[in-house]
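Colleague: First the structure, which I've put down as structure tokens, then a few questions once you've had a look.
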Amino acid sequence: MMMLDSPTFIDKTGYFPGRNLEIAFYELNEGLKLLRRRLGEERYLRLRAMSDRMRAHFEADPDDKTGDSLKGREIIHEMEDLLKLRAGKF
């Protein structure tokens with residue numbers, strides 16, 4: 001969802017009419033908080049910092065024209081890679 005709906009995260013299907021960037025990042029960060037113990041403090045803090053950077057890139061490029069949105073999407077892949085490193089240990 002983060003990849004498809006970025007940079008604004010506005011739902012175009014009509015199923016989630018209130019969805020926006022604020023809600024998408026609230027959900028992501030709350031999900032990270034819920035997993036904090038399982039992730040470990042160091043990895044949690046890295047993921048949280050990545051989330052903040054990603055949001056800044058999307059906010060800087062809401063029309064997907066300057067390249068900042070692409071940088072934000074690259075961070076999504078980095079976060080996935082970081083999570084996969086220990087996926088078997090959850």
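Colleague: If you take the residues of the stretch 31-62 that are crowded, with 16+ Cβ neighbours inside 10 Å and among the hydrophobic types (A, V, I, L, M, F, W, C), which of them is farthest from the chain's Cα centre (by Cα)?
Modeller: L39
Colleague: Within the bounds of the stretch 22-36, is there any residue that is in contact with a helix residue (DSSP H, G or I) (Cβ under 6 Å, 6 or more places away or on another chain), without any contact (Cβ under 8 Å) to a residue 12 or more places away in the chain and not small (G, A, S)?
Modeller: Yes; the residues of the stretch 22-36 include at least one that is in contact with a helix residue (DSSP H, G or I) (Cβ under 6 Å, 6 or more places away or on another chain), without any contact (Cβ under 8 Å) to a residue 12 or more places away in the chain and not small (G, A, S).
Colleague: What number of residues in the stretch 63-80 are crowded, with 16+ Cβ neighbours inside 10 Å and over 10 Å from the mean Cα position of the chain (by Cα)?
Modeller: 3
Colleague: Return yes or no: is F9 under 11 Å from the mean Cα position of the chain (by Cα), surrounded by 15 or more Cβ atoms within 10 Å (Cβ to Cβ) and closer than 24 Å to L85 by Cα?
Modeller: Values: under 11 Å from the mean Cα position of the chain (by Cα): yes; surrounded by 15 or more Cβ atoms within 10 Å (Cβ to Cβ): yes; closer than 24 Å to L85 by Cα: no.
No: the conditions fail for F9.
Colleague: Also, I was wondering about something else. Failed condition for Y15, given (1) surrounded by fewer than 11 Cβ atoms within 10 Å (Cβ to Cβ); (2) within 12 Å of the chain's Cα centre (by Cα); (3) not polar (S, T, N, Q), with all others met?
Modeller: Among (1) surrounded by fewer than 11 Cβ atoms within 10 Å (Cβ to Cβ); (2) within 12 Å of the chain's Cα centre (by Cα); (3) not polar (S, T, N, Q), Y15 violates only (2).
Quick note: the coordinates plus some simple rules give every number you see, no bench work behind them. In this text, all values refer to a predicted model and were calculated from it rather than measured experimentally. Positions of Cβ are backbone-derived with ideal geometry, glycine not excepted, and every protein chain shown enters the neighbour counts.
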